[in-house]
Amino acid sequence: MEKQLRSQQWFGKKGKDGFIYRAWMRNQGIPDDQFRGKPVIGICNTWSELTPCNAHFRELAESVKRGIIEAGGFPLEFPVMSLGETLIKPTAMLYRNLVSMDVEESIRANPLDGVVLMCGCDKTTPSLVMGACSVDIPAIVISGGAMLTGKHRGRDIGTSDLWRFSEDVRSGVMSEEELNEAEAGMCRSRGHCAVMGTASSMACMVESLGLSLPGNAAIPAADSNRKVLAQLTGRRIVDMVKEDLKPSDILTREAFENAIMVNAAIGGSTNFVIHLLAIAGRAGLPLDLEDFDRFSHGVPLIANLQPSGEYFMEDLYYAGGLPAVMKQMEVQLNGGCTTVNGKSVAENISKAKSWDSKVITTFNAPVNNRSGIVVLRGSLCENGAIIKPSAASPHLMKHRGRAVVFSDIEDYKKRINDPLLEVDASSVLVLKNAGPKGYPGMPEVGNLGLPAKLLQQGVTDMVRISDGRMSGTGFGTVVLHVSPEAAENGTFSLIESGDWIALDVDNRQLNLEVPEAELAERRKKQVPFKSSYTRGYTRLFIEHVEQACKGADFDFLKGGSGSEVTRDSH
């Protein structure tokens with residue numbers, strides 16, 4: 001017996017309720033045969049002119065609609081809050097969970113049989129996937145694609161160069177005039193960051209999880225093939241509804257393991273950790289911080305992309321895209337995992353090839369043997385911290401130095417350029433109160449700019465530690481996501497300038513070399529964290545956000561509530 005379409009619980013009703021549901025759809029000039037018996041497909045669109053990465057989504061949505069109509073479905077586009085990483089203050093991460101709730105409730109409350117998730121800028125991808133998982137009707141992702149590679153004075157540039165340019169200006173190597181010139185050449189087209197930053201890492205994440213059609217991650221936003229893929233995505237979601245292929249059928253434990261291994265191979269963003277943990281929590285699957293170390297261990301860097309390598313997302317597309325990367329590591333992957341096109345991972349990558357060995361290398365001759373995410377433990381981070389070795393300096397992988405502590409971001413900005421700051425190249429820069437509760441929202445400030453006087457001496461990297469995050473476009477020997485954060489009054493909150501800190505990446509250790517008796521005395525004097533936010537969403541966030549080691553989701557959003565709505569509105 002064929003399963004009744006979910007949308008018919010609205011449009012198939014008799015009496016006044018059915019009358020209302022249908023009649024007010026007709027005021028848009030839609031014949032009722034369009035939503036009687038056809039799969040109704042929602043297009044969850046994060047278009048916004050305040051989200052430049054996603055500003056082309058209205059046009060892309062038209063391609064999705066064509067595909068849905070061709071396959072016999074009825075498309076209905078709807079908006080949700082859009083998170084533009086480049087504009088939102090204090091950080092887009094503060095609102096990721098809010099958007100996930102917007103998505104979840106919008107899908108559940110409306111007469112939808114399936115949904116296409118239109119994702120691009122960093123937080124739009126995890127928030128949409130988190131929300132869709134909690135409802136669990138057929139869902140598929142189409143990413144917006146990366147922008148074309150930037151150009152400046154005869155060389156290729158991308159967002160990762162922003163951090164270099166900033167330090168060059170501060171050290172006097174680059175003029176403000178040249179910085180303005182580079183700014184004009186950085187973002188040459190629609191799309192998200194052109195490097196393997198968080199947005200590109202998220203596009204790779206959904207493809208490696210099996211939530212998008214093969215090839216989704218690397219097609220540039222400006223390439224006509226992005227529209228082709230959008231149209232094919234629209235076609236496919238209609239068939240997924242007929243097959244009743246849901247996120248829960250795709251997001252198995254093995255799929256998450258694949259995503260972790262692929263993220264290692266591409267040099268993906270550290271933000272991948274916090275978002276994948278949150279998605280697993282919504283999917284009801286066990287995943288913890290140690291899994292990221294365990295499954296990325298031994299997977300070398302295969303994709304030679306900034307910030308860990310040399311090239312750009314546009315180059316990855318020409319070289320064969322993510323399927324070609326996954327083909328190089330086929331033996332390591334769980335090839336039997338089902339994906340949204342109904343085929344297995346192994347089937348999807350069976351004919352993939354690398355067309356440029358400089359961009360996509362081999363497992364046996366990689367770009368870098370250091371890759372993935374290393375999870376650190378020790379007295380400084382009782383519940384863990386992470387570091388991305390492929391973006392760090394080898395000579396700092398084992399380091400011992402004295403802490404230079406900044407109590408918050410304002411303290412850092414006030415003192416970092418002070419010529420009297422007591423700091424040298426061996427020091428460890430520590431930033432407190434940049435965590436989920438302390439900032440709030442856990443911003444991307446972890447890759448602290450170096451002290452001006454050290455930049456002028458030619459220092460290019462130092463060990464930096466914070467309870468915040470780092471842009472996926474960033475690089476350096478940066479320890480992130482320290483848990484518990486300073487606002488939770490763990491050991492990290494007790495560090496003082498002059499304390500010795502020991503980092504040993506190979507042995508997964510991060511320790512504060514201060515006697516326990518001294519720490520006990522400091523605890524007695526400690527003033528508990530108290531937020532100044534007393535109302536609204538930010539208060540809700542601070543009261544319910546979990547720590548980074550658990551994905552920084554809300555404690556009341558684990559798992560899902562399904563798709564059933566039993567009560568009518570009239």
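The values are calculated or read from the model by the stated rules, or taken from the named source; none is laboratory data. Source: prediction; values computed, not measured. No Cβ is skipped: glycine too gets one built from the backbone with ideal geometry, and neighbour counts run over all protein chains shown. For accessibility, only protein heavy atoms count, side chains too; no ligands or nucleic acids. Shrake-Rupley method; radii C 1.70, N 1.55, O 1.52, S 1.80 Å.
Which whole-number percent of Cα pairs in the range 297-450 have a distance greater than 19 Å? Pairs farther apart than 19 Å: 67 percent.
Loop only per DSSP, at most 16 neighbouring Cβ atoms within 10 Å: give me the GluC sites (Glu not before Pro) in the range 497-570, ordered by residue number. Please list the in-between numbers first.
Numbers: sites: E513, E516, E518, E521, E543, E546, E564; in loops: E513, E546, E564.
Here the GluC sites (Glu not before Pro) that fit, given the DSSP loop and packing criteria, are E513, E564.
Roughly how many percent of the accessible protein surface of the range 451-547 is carbon and sulfur, given a 1.4 Å probe and a whole-percent answer? Mind showing how you got there, number by number?
Values: 2050 of 4230 Å².
Within the range 451-547, the accessible surface is 49 percent carbon and sulfur.
In order along the range 12-21, the phi-based Karplus estimate (6.51 cos²θ - 1.76 cosθ + 1.60, θ = phi - 60°) of 3J(HN,Hα) comes to x, 6, 9, x, 5, 5, x, 4, 5, 4 Hz; Gly and Pro are listed as x.
Here the range 26-108 is assigned +1 on the Cβ of each Lys and Arg and -1 on the Cβ of each Asp and Glu. Its dipole about the Cα centre then comes out at about 80 debye.
For the pairs K388/K432; K437/K558; K14/K65, flag any whose C-alpha to C-alpha distance is greater than 23 Å. Mind dumping the intermediate values first?
Details: K388/K432 20 Å; K437/K558 19 Å; K14/K65 29 Å.
Exceeds cut-off: K14/K65.
Once a ≥ b ≥ c are taken as the square roots of the eigenvalues of the Cα gyration tensor of the range 261-313, is the result rounded (a/c under 1.5), prolate (a/b larger than b/c) or oblate (a/b not larger than b/c)? Here the range 261-313 falls in the prolate category. Toward the positive end of the charge dipole of the chain, with +1 on the Cβ of Lys and Arg and -1 on the Cβ of Asp and Glu, the farthest Cα among I137, L76, M261 is that of L76. Just to confirm my numbers, what's the Cα centroid distance between the range 334-413 and the range 45-86 in Å? Cα centres, the range 334-413 to the range 45-86: 31 Å. Annotation: peptides 44-57, 122-135, ranked by per-residue average of other Cβ atoms within 10 Å with the highest first, follow the order 122-135, 44-57. Residues in the range 379-399 near a label at S166, defined as backbone nitrogen under 18 Å from the 7 Å Cα→Cβ point? What the label zone holds, given the 18 Å backbone N cut-off, is 388, 391-393.
Can you pull the semi-axes for the range 362-515, root of five times each eigenvalue of the Cα gyration tensor, sorted largest first, whole Å? Before the final figure, lay out the partial values.
Working: eigenvalues 101, 71, 47 Å².
So the equivalent ellipsoid measures 22, 19, 15 Å along its semi-axes.
Taken one residue at a time, the phi angles of the range 321-332 give Karplus couplings (6.51, -1.76, 1.60, θ = phi - 60°) of x, 5, x, 5, 5, 5, 5, 5, 10, 3, 5, 7 Hz. Gly and Pro are set to x. If you take all other residues with their beta carbon under 15 Å from the beta carbon of G281, and give Lys and Arg +1 and Asp and Glu -1, the sum is -2.
Between R58 and S393, the FRET efficiency from the beta-carbon distance, with R0 = 41 Å, is close to 0.40.
State the extension gain, in nm to one decimal, for the chain segment bounded by S350 and T566, taking 0.36 nm per residue of separation less the distance between their alpha-carbons.
Working: separation 216, 0.36 × 216 = 77.76 nm, distance 4.45 nm.
Separation in residues times 0.36 nm, less the Cα-Cα distance, equals 73.3 nm.
Keeping every protein chain in place, order T233, T538, T566 by accessible area at 1.4 Å, biggest value first, i.e. largest first. Walk me through the numbers on the way to the answer.
Working: T233 0, T538 25, T566 110 Å².
These residues rank, largest area first, as T566, T538, T233.
Close amide H contacts of M462 (hydrogens built in the peptide plane, cut-off under 5 Å, sequence separation of 5 or more or a different chain): T477. Charged neighbours of A502, selected by a Cβ distance under 9 Å, balance to 0 (K, R count +1; D, E count -1). With Cα atoms as the point set, the range 498-542 shows a radius of gyration and Dmax of 17.0, 44 Å.
Computed over protein heavy atoms with a 1.4 Å probe, the carbon and sulfur contribution to the accessible area of the range 218-277 reaches 47%. Per-peptide packing, taken as the mean over residues of other Cβ atoms within 10 Å, places 91-100, 551-560, 376-385 in the sequence 91-100, 376-385, 551-560 from highest down. Anisotropy class assigned to the range 232-328 is oblate, per the alpha carbon gyration tensor with a/c at or over the 1.5 cut-off and a/b no larger than b/c. By the Cβ distance rule (another cysteine Cβ under 4.7 Å), the unpaired cysteines of the chain are C44, C119, C133, C187, C193, C204, C337, C381, C549. Entry comment: accessible area of the chain is 39 Å² per residue, from protein heavy atoms only and a probe of 1.4 Å. In this rough spin-label picture, where each label sits 7 Å from Cα along the Cβ direction, the R508-Q456 distance is 4.4 nm.
In the frame of its principal axes, the range 156-304 has Cα extents of 59, 39, 26 Å, reported largest first. A P(r) calculated from all alpha carbon pairs of the range 51-201, with 10 Å bins opening at zero, reads 11, 34, 30, 16, 8, 2, 0 percent.
Summing Lys and Arg as +1 and Asp and Glu as -1 over all other residues whose Cβ lies under 14 Å from the Cβ of D156 gives a net charge of +2. Anisotropy class assigned to the range 113-209 is prolate, per the alpha carbon gyration tensor with a/c at or over the 1.5 cut-off and a/b larger than b/c.
Stretched out straight at 0.36 nm per residue, the stretch from D424 to V527 would grow longer than its current Cα-Cα span by 34.1 nm.
Under the rule of -39500 (n - 2.57) per DSSP H run of 4 or more residues, summed and divided by the residues of the chain, what mean residue ellipticity at 222 nm is obtained, to the nearest 500 deg cm²/dmol? It would help to have the intermediate numbers written out before the result.
Values: 20 runs with 200 residues, N = 570.
Here the helix-only value at 222 nm equals -10500 deg cm²/dmol.
Using r as the Cβ-Cβ distance of A109 and D249, and R0 as 22 Å, what FRET efficiency do you calculate, to the nearest 0.05? Kindly include the intermediate steps, with their values, before the conclusion.
Numbers: r = 23 Å, r/R0 = 1.05.
So, using R0 = 22 Å, E works out to roughly 0.45.
Using Cβ point charges alone (K and R +1, D and E -1), the dipole size of the chain about the Cα centre works out to roughly 1120 debye. Along the range 50-66 the Karplus relation, 6.51 cos²θ - 1.76 cosθ + 1.60 evaluated at θ = phi - 60°, assigns HN-Hα couplings of 8, 10, x, 4, 10, 5, 9, 6, 5, 5, 5, 4, 4, 5, 4, 4, 4 Hz to successive residues, with x for each Gly and Pro. A cut-off of 5 Å between modelled amide H atoms, ignoring neighbours fewer than 5 places along the same chain, links R508 with no other residue. Pairs of alpha carbons in the chain separated by more than 30 Å make up 50% of all such pairs.
Only protein atoms count toward the accessible area here, which uses a 1.4 Å probe; on the range 128-213, the carbon and sulfur part of that area reaches 50 percent.
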